[in-house]
Amino acid sequence: MSTLTPARLLTAEEFALLPPPEDGSQQELVNGVVVTMPPPSFYHGQVCSKIDRKLGGFIDTHRLGWIASSDSGVILGQNPDTVRGPDIAYWSLERMPEPHRKGYPTVVPDLVVEVLSPSDVFTQSLRKVELYLGAGVREVLLAVPEDRSVAVFRDGQKQVILSNGDTLAGGDVLPGFTCPVADLFP
């Protein structure tokens, strides 16, 4: 992960206008500074796709709100601005009655899913979880393909680790949603 230090800090609006990197890498804005990361692996994409299909099918069937994947940008802080790209994010109709069409939503998602890549440092992923929760995300799921587990984080609550034989439940964020953890991984 490399950081490009600009002469001045960028805003989320300026960041949204940047051209995509020619090398296909991904970028996020952290405290006004552009951070560049390599694209995720094929397996990472498979896990994201599978989780998106499970969550998205439930959300669409019950008309609960909006789901985005592919590291769609979300504003998590301002002055200096932070735009992170969660692997998957869900907004309830209560939080965001209409889908956001331009730039990045200023409303934080209800749910964020991050899929841990082999190159990710777990402590950095936990800092990202803390950032999401601190910005007002109600629940963060950290999927760990290596051991086929999901860590569930909710603000003010102890994390819960679900393994291959467990079932993920939607709780207050997605009432009625259930899915065997094993079904989240290819």
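Where a number appears in this text, it was derived from the coordinates with a stated rule and is not lab data. Bear in mind that the values here come from a model prediction, so they are computed numbers and not experimental data. We place every Cβ from the backbone using ideal geometry, glycine too, and count neighbours over all the protein chains shown.
Observations on the structure shown:
- In terms of its C-alpha gyration tensor, the chain comes out prolate, because a/c is 1.5 or above and the ratio a/b outweighs b/c.
- In segment 108-166, the ratio of gyration radius to Kirkwood radius, Rg to Rh, stands at 0.95 when only Cα atoms are counted.
- Mean residue ellipticity (222 nm) of the chain, computed from DSSP H runs ≥ 4 via -39,500 (n - 2.57), nearest 500: -6500 deg cm²/dmol
- Local net charge near P39, Cβ-Cβ under 10 Å (Lys/Arg +1, Asp/Glu -1): -2
- Theoretical gain in end-to-end length, N31 to K158 [0.36 nm per residue, Cα-Cα removed]: 43.0 nm
- Distance between the pseudo-spin-label points of N79 and L126 (7 Å out from Cα toward the beta carbon): 3.2 nm.
- Highest-MSF residue in the chain out of R101, R138, R53 [GNM, Cα springs under 10 Å]: R101
- Across segment 63-186, C-alpha contacts under 8 Å between residues 6 or more apart give a mean separation that, scaled by the residue count, equals a relative contact order of 16 percent.
- From the C-alpha gyration tensor of segment 85-186, square roots of 5λ in Å: 22, 17, 13
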